[in-house]
There are 2 protein chains.
Amino acid sequence: MTTLETQGLAARHAARVLATAGTARKDAALEAIAAALEARSAWILEANARDMEAARSAGMRPALQDRLALDGGRIAGIVEGVRQVRALADPIGTVTNMETRPNGLTIGKRRVPLGVIGIIYEARPNVTVDAAVLCLKSGNAVILRGGKEAFHSNRAFVSVMREALASAGLPQDCVSLVEDTSRESANELMNLTGYLDVLIPRGGAGLIRSVVEHARVPVIQTGVGVCHVYVHGEADLDMAARIIHNAKTSRPSVCNAAECLLVDEAVAREFLPMAWRLLQTKHVELRGCPATRAILGDVVRPAGEADWDTEFGDYILAVKVVSGPGEAIDFINTHGTGHSEAIVTNNYFTAQRFLDEVDAAAVYVNASTRFTDGFEFGLGAEIGISTQKMHARGPMGLAELTSSKYIVYGTGQTR
Amino acid sequence: MTTLETQGLAARHAARVLATAGTARKDAALEAIAAALEARSAWILEANARDMEAARSAGMRPALQDRLALDGGRIAGIVEGVRQVRALADPIGTVTNMETRPNGLTIGKRRVPLGVIGIIYEARPNVTVDAAVLCLKSGNAVILRGGKEAFHSNRAFVSVMREALASAGLPQDCVSLVEDTSRESANELMNLTGYLDVLIPRGGAGLIRSVVEHARVPVIQTGVGVCHVYVHGEADLDMAARIIHNAKTSRPSVCNAAECLLVDEAVAREFLPMAWRLLQTKHVELRGCPATRAILGDVVRPAGEADWDTEFGDYILAVKVVSGPGEAIDFINTHGTGHSEAIVTNNYFTAQRFLDEVDAAAVYVNASTRFTDGFEFGLGAEIGISTQKMHARGPMGLAELTSSKYIVYGTGQTR
């Protein structure tokens, strides 16, 4: 058995205990984790300081250093997050659709944990705690495989959580870390069939592509977002300008930020200068089609083919003038990543058509794409945003980390 | 573009039309399919005769020949099945959990089709129609890849269904057949990312293993069933004997048939002869542990290690005496395939413990495992029985062939 198989087997055993541990024991463990993170925060910050030192000497970009950095405030935020997850309703055990069949069998569908969940992620060490506690609350054991940049921080977090689990009488192996951060360990985790029930990658497009390409265990794809805002010819143009400004600039690095603006030709001449006035306050770079450049002139760089399929994650916006809803919807279904798509319109039928025909996890009428988020959607928490159609689509909360089993009460029935 | 990519693209376009076709148009197409299968049944039987001739000259086993054969009665049964699916409620379009958030956004989760579903299956030509109409009713385009033994029958069925789709005003490419029945075409289908939303293998353990091993598209594993009946020390032994007899012998070739009997040592001496009296009427071969052989003697062959993990699909039953519920549950969670598991007991707490701790798609108290089936569970139809935890678990009906999208009605909200 390899190290990772041994770890997988330990997680599988822990998962069996956790699956029937009950809400009170799980919540006690979550409170123990919150308290331990507070008590050990100085030690965690020391570990983080080692990661930061390595990052600085490796010349890591300041934006990435900022993602990696912890301080007292950030740890307090993480602890607060643990307590919020603890306060959520336990999704496990609910029985739905219970009914008695004509032959007298009583059949119901009980919500159960998935089992063992693998998470592969990049530099943010807070994911270590966020993901672990969501898995715990939903009764799943978790195997975490973070990036090497956050290795010391992740190891400290996991060590504290494992001690807290033990103190609360649950198996430590409910949470474990893959300490080997090589590419080989990632590949082995992607192929740990028989141990992992599902693998969730959290990170950039490259990581997600690699997991989809190489994994043999079931995967939930998350997060790549090439999102559009489409301004229909009958839109409230002031509202449309505020929405594209918000969708592009309120937080350009996240997956629900807009990357492309589509504008009906009927209103392009009036709308594009309005949008530009707002966008230029944030120094947004526009990359436009010829019609866009004909209207706004040289402030718009010519868009290349690749620009229509790029998640910029930055203050860059592709802009295209379209003939109407048909072209807009086709364009979105061709170039979008099935994440979040918005139309701005006053027309009832066009709004309904957009909701019907756009194929994405979240489709908006007259609102910013930025709302696609587990908290905003009322799920209470989020482990990621699924852009696939199987199992879960859109923000994934606790319910999306569960499966079901049919329970059948008989009185001797045979078939 | 390869032939299969071209076919995948055509299916994707057809799926987009079908997704918003509405119940009336889909039902009209299903009725057109039923009528066309009736009208063209003589031609379908001619095609089947060619498959049967090839099967006989290749020396196919009679049981397999029987699966392959069609006649007027079987076609009538298939047509009846189409009309039953037509009569089911359309799962598409339902909106659940719609609510207005504090910021005024109204958010709901709408049920939508998965998109394009691939089905890989073996010799039964009726699967061609069954699977296609379940996909159609749930708004999905389907790419069928049947076995070469049923090639002419499958091609005839698909040709008739495509004509009927066109006559009903829906794209023919809602249903298509992979005409190349080589191993290469199966492999290409398993890797048709970007075109297939999900691939469902229907067939024996070898096929399913191969798909899980090689597929990069999302897969729903179906059907392998190493199912157990566990007779607890406080069971009604007459009931237990009837249940194991039914679970083993009512249809041994299917996945919900029992393959292994576990008996508490406290009742083994009394129960095993009772069970044997019933089982021997069907000439069931027993393969037992030493304790079983000590009780029943030489009518029991010694079980080898492999027997505990084998889906016999035949009149063969593995038998093991266990010390109690703990050993039985561990044994089932180790050797079962997560399909269907049953306990026979009069003890309330043992029954609940078995339901809690056994990790399977369907867990029974005092009933035969043979009920795990879409019709018996009230789903109205079934495309297979999922033994995985992601997306769907247990019998899959129309609802399990769907996904969701969040629809969001705003009034200009920004974040």
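Things worth noting here:
- Test: residue in the stretch B:122-135 that is in contact with a strand residue (DSSP E or B) (Cβ under 7 Å, 6 or more places away or on another chain), at pLDDT 95 or above and outside any helix (DSSP H, G or I): no
Yes/no per residue for (1) aliphatic (A, V, I, L, M); (2) buried (at least 22 other Cβ atoms within 10 Å of the Cβ); (3) not in a loop (DSSP other than H, G, I, E, B):
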| position | (1), (2), (3) |
| --- | --- |
| B:GLU99 | no, no, yes |
| B:PHE151 | no, no, yes |
| B:GLY169 | no, no, no |
| B:ILE200 | yes, yes, yes |
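- Selected residue [farther than 28 Å from B:ARG12 by Cβ, of a type in the set (S, T, N, Q) and within 28 Å of the chain's Cα centre (by Cα)] from A:THR334, A:THR249: A:THR249
- Residues in the stretch A:369-415 that are among the small types (Gly, Ala, Ser) and over 18 Å from A:GLY338 (Cβ atoms): A:GLY378, A:GLY380, A:ALA381, A:GLY397, A:ALA399, A:SER403, A:SER404, A:GLY410, A:GLY412.
- For first residues located in the stretch B:394-415 and closer than 19 Å to B:VAL219 by Cβ and at the interface with another protein chain (Cβ under 7 Å from one of its Cβ atoms), partners that are small (Gly, Ala, Ser) and buried (at least 23 other Cβ atoms within 10 Å of the Cβ) and lie 6+ apart or on another chain with Cβ distances below 6 Å form the pairs B:GLY394/B:ALA361; B:GLY394/B:ALA362.
- Flag if A:ALA164 is in the same structural domain as A:ASP90 (by TED's automatic domain parsing) and farther than 15 Å from A:ALA14 by Cβ: no
Condition check ((1) in contact (Cβ under 8 Å) with a residue 60 or more places away in the chain; (2) closer than 24 Å to B:GLY204 by Cα) across all residues:
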position: B:ALA247; (1), (2): yes, yes
position: B:ALA257; (1), (2): yes, yes
position: B:LEU262; (1), (2): yes, no
position: B:VAL267; (1), (2): no, no
position: B:ALA275; (1), (2): no, no
position: B:GLN280; (1), (2): no, no
position: B:LEU296; (1), (2): no, no
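- Condition check for B:VAL226: buried (at least 20 other Cβ atoms within 10 Å of the Cβ), more than 14 Å from every other protein chain (Cβ to nearest Cβ) and under 23 Å from B:THR334 (Cα atoms): yes
- Given (1) under 30 Å from B:PRO201 (Cβ atoms); (2) touching a Lys or Arg at 6+ places or on another chain (Cβ under 8 Å), index of the condition B:ALA306 fails: (2)
- For the stretch A:302-320, filtering for residues that are touching a Gly at 6+ places or on another chain (Cβ under 9 Å), surrounded by fewer than 21 Cβ atoms within 10 Å (Cβ to Cβ) and assigned to a strand (DSSP E or B) leaves 1.
- Search result, residues across the stretch B:357-369 that are in contact with a strand residue (DSSP E or B) (Cβ under 8 Å, 6 or more places away or on another chain), at the interface with chain A (Cβ under 7 Å from one of its Cβ atoms) and touching a residue at least 24 places away in the same chain (Cβ under 8 Å): B:ALA360, B:ALA361, B:ALA362, B:TYR364, B:ASN366, B:ALA367, B:SER368
- One residue stands out in the stretch B:13-52 among those that are among the charged types (D, E, K, R) and farther than 20 Å from B:ASP180 by Cα: the one that is surrounded by the fewest Cβ atoms within 10 Å (Cβ to Cβ), namely B:GLU46.
- If you go through the stretch A:247-257 and keep only what is under 15 Å from A:GLY223 (Cβ atoms) and either of a type in the set (A, V, I, L, M) or outside the structural domain of A:LEU286 (by TED's automatic domain parsing) (or both), you end up with A:VAL254, A:ALA257.
- Checking A:ALA166 against (1) within 27 Å of A:THR387 (Cβ to Cβ); (2) small (Gly, Ala, Ser); (3) without any contact (Cβ under 8 Å) to a residue 24 or more places away in the chain, the condition it does not meet: (1)
- Output for the stretch B:230-239, where each listed residue is farther than 11 Å from B:SER368 by Cβ and either facing chain A (nearest Cβ under 10 Å) or part of a helix (DSSP H, G or I) (or both): B:ASP236, B:LEU237, B:ASP238
- Against the criterion of being more than 12 Å from B:ILE120 (Cα to Cα), of a type in the set (Asp, Glu), in contact (Cβ under 8 Å) with a residue 12 or more places away in the chain and not in a helix (DSSP H, G or I), B:ASP173 does not qualify.
- In the stretch B:275-287, the qualifying residues are those that are touching a helix residue (DSSP H, G or I) at 6+ places or on another chain (Cβ under 7 Å) and not in a loop (DSSP other than H, G, I, E, B), and the one that is surrounded by the fewest Cβ atoms within 10 Å (Cβ to Cβ) is B:LYS282.
- For the residues A:LEU207, A:LEU199, A:LEU114, the requirement of being under 27 Å from B:GLN221 (Cα atoms) and more than 14 Å from chain B (Cβ to nearest Cβ) singles out A:LEU207.
- The set of residues in the stretch B:380-389 being surrounded by fewer than 24 Cβ atoms within 10 Å (Cβ to Cβ) and either in a strand (DSSP E or B) or within 10 Å of chain A (Cβ to nearest Cβ) (or both) consists of B:SER386, B:GLN388, B:LYS389.
- If the condition is being under 19 Å from B:ALA164 (Cβ atoms) and either assigned by TED's automatic domain parsing to the domain that holds B:VAL254 or assigned to a helix (DSSP H, G or I) (or both), then the stretch B:39-65 contributes B:ALA39, B:SER41, B:ALA42, B:TRP43, B:ILE44, B:LEU45, B:GLU46, B:ALA47, B:ASN48.
- Cβ-Cβ contacts under 8 Å between residues 6 or more apart (or on different chains), taken from a first residue in the stretch A:87-99 that is within 12 Å of chain B (Cβ to nearest Cβ) to a second residue that is modelled with pLDDT of 95 or more and in a loop (DSSP other than H, G, I, E, B), are listed as A:ILE92/A:SER138; A:ILE92/A:GLY139.
- Check on B:THR337, surrounded by fewer than 24 Cβ atoms within 10 Å (Cβ to Cβ), within 14 Å of another protein chain (Cβ to nearest Cβ) and touching a residue at least 40 places away in the same chain (Cβ under 8 Å): yes
- Flag for B:GLY313 being of a type in the set (Gly, Ala, Ser) and within 21 Å of the chain's Cα centre (by Cα): yes
Okay, residues lined up against (1) farther than 17 Å from B:ALA328 by Cβ; (2) more than 7 Å from chain A (Cβ to nearest Cβ); (3) in contact with a helix residue (DSSP H, G or I) (Cβ under 9 Å, 6 or more places away or on another chain); (4) acidic (Asp, Glu):
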{"residue": "B:THR350", "(1), (2), (3), (4)": "no, yes, yes, no"}
{"residue": "B:LEU355", "(1), (2), (3), (4)": "no, no, no, no"}
{"residue": "B:GLY378", "(1), (2), (3), (4)": "yes, no, no, no"}
{"residue": "B:HIS391", "(1), (2), (3), (4)": "yes, no, yes, no"}
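The values are calculated or read from the model by the stated rules, or taken from the named source; none is laboratory data. Since the model is a prediction, treat every value here as computed from it, not as a measurement. Backbone-built Cβ (ideal geometry, glycine too); neighbour counts: all protein chains shown.
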